[in-house]
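Worksheet: the structure to be examined is printed underneath.
The values are calculated or read from the model by the stated rules, or taken from the named source; none is laboratory data. Quick caveat: nothing in here was measured; it's all calculated off a predicted structure. Cβ placement follows ideal geometry from the backbone for every residue including glycine, while neighbour counts extend to all protein chains displayed.
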Amino acid sequence: MMERMTGLVGTTAAAVVMLAGCTTTTEKGTVGVERSQFLLVSSAEMDKSAALAYQKVLQEQSPKGNVNRDAQQVERVRAIARRIIPQTGVFRKDAPGWKWEVNVLTSPEINAWCMPGGKIALYTGILEKLESTDDEIAAVMGHEISHALREHGRERASQQLATGVGASAVGAVLGIGQSGADLAGLVGQVTFLLPYSRIHETEADRMGVELAARAGYDPRAAITLWQKMAKISGGGGPPALLSTHPSNEDRIKDLGVFSQRVLPLYEQARAKK
């Protein structure tokens, strides 16, 4: 009898999880990204936990002098962000009103990320090792912001929490169980430790070129950016941004198609200046 009850609880939990989780929160945009997503953790929980995780990163790096060390670099990066952020409304109407933060971390690592709710970090390795143009920085930023818009971190956190389907999973669905500190740790993992899936990366690539184009940055710069990173990776391990992404050939081919699709948006944005 107990075994039957346990099985029933597990089955019920699984059903609740599935019913609660399949949705999407973004518009298709010009690039046409649409896919049903498993979103078990609430957006509010993710944003709150992301803010905690983000502050932890800054608190760890600040004593080392690694946060916003070069004022000129910081202003350059933030100026690009100021042009891109208003364009996020094409995918999510609420996104321009997020509590955005943009900081530059001094590190030779070629990396960047955007946590849920708009918490952005860009590493100086992107600026210095790649000698990135503003258009290329916009490509990186558009890509990382797209992960947050598309809620890829929330999707991955939901998948991880759902692997132990049972009473705890029902608790997660109902907004109880996982503590804020635990979820903050999970947000950190899914943002800059655990790899995104290839479908996540492709979605971020396509949305990213649209964001850049709408902000008046040449979307074709995404191609030169990934070519630079591929060249650097030839002498050793790939940059963090390339670690789990689609193959260079596939990515560049796809970016070529979608950068052309959004090129009219870039031309329109440039014409308004």
ask   = Could you say whether any residue in the range 125-141 is among the polar types (S, T, N, Q) and within 12 Å of the chain's Cα centre (by Cα)?
value = no
message = Taking the condition of being modelled with pLDDT under 90, under 19 Å from P96 (Cα atoms) and of a type outside the set (K, R), how many residues in the range 137-178 meet it?
response = 1
Restricting the range 84-120 to residues that are modelled with pLDDT under 95 and aliphatic (A, V, I, L, M), the residue that is farthest from L265 (Cα to Cα) = I110
task = Inspect all residues belonging to the range 33-55 and state whether any of them is modelled with pLDDT of 95 or more, surrounded by fewer than 17 Cβ atoms within 10 Å (Cβ to Cβ) and part of a helix (DSSP H, G or I).
result = yes
request  = List every residue pair whose Cβ atoms lie under 9 Å apart, where the two residues are 6 or more positions apart in sequence or sit on different chains, the first residue falls within the range 246-268 and is of a type in the set (K, R), and the second residue, located anywhere, is not in a helix (DSSP H, G or I).
outcome  = R251/H245; R261/T30; R261/V31; R261/G32; R261/P219
key: Any chance T106 is of a type in the set (S, T, N, Q), surrounded by 22 or more Cβ atoms within 10 Å (Cβ to Cβ) and touching a helix residue (DSSP H, G or I) at 6+ places or on another chain (Cβ under 6 Å)   = no
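If I go through the range 87-105 residue by residue, how many of them are over 19 Å from M46 (Cα atoms), assigned to a helix (DSSP H, G or I) and in contact (Cβ under 8 Å) with a residue 12 or more places away in the chain? I'd like the intermediate steps shown before the answer.
Residues of the range 87-105 over 19 Å from M46 (Cα atoms): 87, 89-90, 103-105.
Subsequent filtering for residues that are assigned to a helix (DSSP H, G or I) retains 87, 89-90.
Remaining after also requiring in contact (Cβ under 8 Å) with a residue 12 or more places away in the chain: 87, 90.
Qualifying residue count for the region: 2.
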query = Which residue, of A215, A222, A204, is within 15 Å of the chain's Cα centre (by Cα) and either surrounded by 21 or more Cβ atoms within 10 Å (Cβ to Cβ) or at pLDDT 95 or above (or both)?
reply = A204
remark   = Reported set for the range 118-132 where residues are more than 20 Å from I223 (Cβ to Cβ) and part of a strand (DSSP E or B) is K119, I120, A121, Y123
request  = Please determine, by comparing only the residues of the range 257-270 that are within 21 Å of the chain's Cα centre (by Cα) and assigned to a helix (DSSP H, G or I), which one is surrounded by the fewest Cβ atoms within 10 Å (Cβ to Cβ).
outcome  = F258
